Amino acid sequence: MSSKNKERNLLRKVYGYYFPTAWKQDKGYFFSRFVQLIISSISPLVTVVMIPEIIAELMGEKRSEVLIQLVTMLVLIQFVLNLLSALFRYFIEKSTQRFEDYYSGQLSRRIMELDFQLTEDKKALDQLELAKNGMTRYSGGLNGLMEPLFNAVSAFITMVGVTYLIVKQAPFVLLISIVVVALTTFFNVAKNKIEQNGYRKLSKIDRIFGYLGFGLADFRYGKDIRLYDSKDMMVEKWKRYTEEYNDKNVAIANKMLPLQLGTVMTNILHDAAIYIYLGFLGITSRITIAVCVQMISAAGTFTNSLKSIMTSYTDMVKRANYAHEYVKFMDYPSAMEKGEKRVGKGSHVFEFKNVSFSYPGSEVSVLKNMNLIIHEGEHLSIVGLNGAGKTTMIKLLCRLYDPTEGEILMDGINIKEYAYEAYMKVFAPVFQDFQLFAFSIRENLLLKEDFDEADEKIARATLTKVGISEKLRSFTKGLDTIIYKRFDMDGIEPSGGEKQKIAIARALIKDAPVVILDEPTAALDPIAEYEIYRQFEDMVKGKTAIYISHRLSSCQFCDKIAVFSEGYVKEYGTHAELVDKEGGIYAEMFAAQAQYYRDEKNNHASVMAVPGE
């Protein structure tokens, strides 16, 4: 496909994507743009037509009343046109902000809907960076895309108007202008290619640049930076990447310099040729002084209009290339196969059949030919040393990733065949790195803005179950209390244990058939962790529950224990079956921990600590 066909296809794709959504969001924008187009088309023609009349009167009869009328008319027309232009430019700017908010919101939604594994994929992250910058900083957003299009149409209307005058009085001006515009367009196309190639090379360093410049300013890093006195290292990294970023921009500027100089020289030659030609016509009395002035103005208007058409086209292509990165991200291919099968109600049976898994871009197998069955209503404890694959197994079960080999079944059917959103509703996990948001406690629990009295009762009852209701009563705003002080100075900074209890309450409120605790209590002391697990066990009766912990505190509550080691399920059984198994992994872990935690009643070890995944 030729480059011109590629450009046309690109423009059709980009404008075909943005026009319908923009029209739906704000029709008034296009009305304002249309009025601006008429004004910008008429304004140059008024000057071209009126100035010769004024000069002719000055060179002729010099009637003061006629001169006053002509000047007043010119000033009034331009004043009205400028006033209308400013008014509608204001409307356009208001619409522009709405468009920015809309497309930013759509991008945020797409990021949240993206398959989780793509959030850790370098190509997807680079495409996200291209999309963010391409739709804002480089393309200028929706208004940046529309501006060159409307400019081209306006310039075309103006050019048609002055062409008649030029052909009638000084036709050679057209040839000079066309040659100059062709050269200018050549330079602009070359500059645009340099810019676009440089933009792609800058996408990765833009991410690093943004992380160091803005991410490290996040207060979450404050304690570590201060206590480890690492600010100098951070600043040095910032300087190094800033220099690299600037060096790349300087390299782009150096490549563009000769082209920019060529554009300047072309404009100088254009003006010289026009003045020489029109001067010759004036000296030889082929045109009057008034017409000569008119032709100079018309020549400038024609050249600028033709340049505007050509540069607007190249600008459209350039901006469309940037904005297309947004379109590509919004259409980024799914990393997962998704079915449409409905999920049945109640508990479910899950089976891992010969499941192996390696993270994208890695050749290391985290899980290797793993087989495991989780029965409905079963409480399963997953234990193992760091790196054994416990958390990875949960990610696969929740379909945050798909197996590299093998399959996972729910009720005998491959989980890929189920509707994705319906399948996600089966699980209520609490991960070790769970997140609370800088919203109210109620919103963190319910994760919705619309709630009724029943939701309120459920929230309060659940907080009572997890043992945080007394703390809640100390807050003057109750459930409306904002977590963190990021946006509200009256917000609270909950302790680690309080955060974990809120996260557990959120999982319970979801009322999913499968509840997962993936090391959320790692920051608690062993006894506190044991108490949370004991209480939690009472709360999830009748549900399937999966426990992963740094410690073995949940094991004696569970029906079965799966011991992970080197990507396999090495041992499987009840606590009683595994604790006395000679040479067993679980038995060794239990023995290593038993000396630290003893049951007060029977002096039997009940809660233990071991480094986990």
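Of the residues MET159, MET146, the single one that is part of a helix (DSSP H, G or I) and closer than 26 Å to GLY16 by Cα is MET146. There is at least one residue in the range 420-427 that is within 30 Å of GLN593 (Cβ to Cβ), at pLDDT 90 or above and surrounded by 18 or more Cβ atoms within 10 Å (Cβ to Cβ).
Each row is one residue, and each column tells you yes or no for (1) small (Gly, Ala, Ser); (2) without any contact (Cβ under 8 Å) to a residue 40 or more places away in the chain; (3) surrounded by fewer than 16 Cβ atoms within 10 Å (Cβ to Cβ).
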residue	(1), (2), (3)
ASN267	no, no, yes
ALA272	yes, yes, yes
PHE280	no, yes, yes
CYS292	no, yes, no
ALA298	yes, no, no
SER308	yes, no, no
ARG319	no, no, no
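Taking the conditions exactly as written (farther than 28 Å from VAL317 by Cα and in a helix (DSSP H, G or I)), does ASN9 satisfy them or not? Spelling it out, it is not the case that ASN9 is farther than 28 Å from VAL317 by Cα and in a helix (DSSP H, G or I). In the set (1) closer than 23 Å to ASP101 by Cα; (2) of a type in the set (D, E, K, R); (3) without any contact (Cβ under 8 Å) to a residue 40 or more places away in the chain, the condition left unmet by ARG63 is number (1).
Going by the conditions given, is LEU259 surrounded by 12 or more Cβ atoms within 10 Å (Cβ to Cβ) and either over 15 Å from LEU174 (Cα atoms) or free of Cβ contacts under 8 Å to residues at least 60 places away in the same chain (or both)? Spelling it out, LEU259 is indeed surrounded by 12 or more Cβ atoms within 10 Å (Cβ to Cβ) and either over 15 Å from LEU174 (Cα atoms) or free of Cβ contacts under 8 Å to residues at least 60 places away in the same chain (or both). Number of residues in the range 12-60 that are touching a Phe, Trp or Tyr at 6+ places or on another chain (Cβ under 6 Å) and either hydroxyl-bearing (Ser, Thr, Tyr) or under 16 Å from GLU93 (Cβ atoms) (or both): the value is 5. Against the condition more than 21 Å from ASN143 (Cβ to Cβ), modelled with pLDDT under 90, outside the structural domain of PRO360 (by TED's automatic domain parsing) and in contact with a Ser or Thr (Cβ under 8 Å, 6 or more places away or on another chain), how does LEU74 come out, does it pass? The answer is yes for LEU74.
Listed here are the helices (runs of 4 or more DSSP H) enclosed by the range 378-467 that have at least 2 residues being within 16 Å of PHE352 (Cα to Cα): 390-397. Being part of a helix (DSSP H, G or I), of a type in the set (A, V, I, L, M, F, W, C), under 30 Å from ILE415 (Cα atoms) and under 32 Å from the mean Cα position of the chain (by Cα) is not true of ILE516. If the condition is being among the hydroxyl-bearing types (Ser, Thr, Tyr) and part of a strand (DSSP E or B), then the range 362-377 contributes only SER365. For the range 335-371, a tally of residues being of a type in the set (Phe, Trp, Tyr) and at pLDDT below 90 returns 1. Checking every residue in the range 19-31 against the condition of being over 20 Å from ASN143 (Cα atoms) and of a type in the set (D, E, K, R) gives zero matches.
Taking the range 336-352 as the range and being farther than 20 Å from ILE516 by Cβ and either surrounded by 16 or more Cβ atoms within 10 Å (Cβ to Cβ) or charged (D, E, K, R) (or both) as the test, the residues that pass are GLU337, LYS338, GLU340, LYS341, ARG342. Specify the residue that is nearest to TYR568 (Cα to Cα); the eligible residues are those in the range 409-429 that are touching an Asp or Glu at 6+ places or on another chain (Cβ under 7 Å) and either aliphatic (A, V, I, L, M) or not assigned by TED's automatic domain parsing to the domain that holds LYS345 (or both). So, considering only residues that are touching an Asp or Glu at 6+ places or on another chain (Cβ under 7 Å) and either aliphatic (A, V, I, L, M) or not assigned by TED's automatic domain parsing to the domain that holds LYS345 (or both), the one nearest to TYR568 (Cα to Cα) is LEU409.
Conditions tested, residue by residue: (1) over 24 Å from VAL46 (Cα atoms); (2) among the hydrophobic types (A, V, I, L, M, F, W, C).
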residue: VAL235; (1), (2): yes, yes
residue: LYS248; (1), (2): yes, no
residue: LEU261; (1), (2): yes, yes
residue: MET265; (1), (2): yes, yes
residue: THR303; (1), (2): no, no
residue: LYS307; (1), (2): no, no
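Residues that are of a type outside the set (Val, Ile, Thr), farther than 26 Å from SER365 by Cα and not in a loop (DSSP other than H, G, I, E, B) within the range 552-586 comprise CYS555, GLN556, PHE557, HIS575, ALA576, GLU577, LEU578, listed in sequence order. Scanning the range 56-91 for residues that are closer than 20 Å to PRO44 by Cβ, aliphatic (A, V, I, L, M) and touching a helix residue (DSSP H, G or I) at 6+ places or on another chain (Cβ under 8 Å) gives ALA56, LEU70, VAL71, MET73, LEU74, ILE77, LEU81, LEU84.
Can we say LYS168 is free of Cβ contacts under 8 Å to residues at least 24 places away in the same chain and part of a helix (DSSP H, G or I)? Yes.
For the range 355-384, the tally of residues that are among the β-branched types (Val, Ile, Thr) and either free of Cβ contacts under 8 Å to residues at least 60 places away in the same chain or closer than 11 Å to THR404 by Cβ (or both) stands at 4.
With respect to the stated conditions, VAL189 fails to be under 30 Å from ILE283 (Cα atoms), part of a helix (DSSP H, G or I) and either out of contact with any Cys (no Cβ under 7 Å at 6 or more places or on another chain) or of a type in the set (Phe, Trp, Tyr) (or both).
Number of residues in the range 102-126 that are of a type in the set (Phe, Trp, Tyr) and either closer than 22 Å to GLU337 by Cα or under 11 Å from the mean Cα position of the chain (by Cα) (or both) equals 2.
The values are calculated or read from the model by the stated rules, or taken from the named source; none is laboratory data. Just so we're clear, the structure is a prediction, and the values are computed from it rather than from any experiment. Cβ: placed from backbone, ideal geometry, glycine included. Neighbour counts: every protein chain shown.
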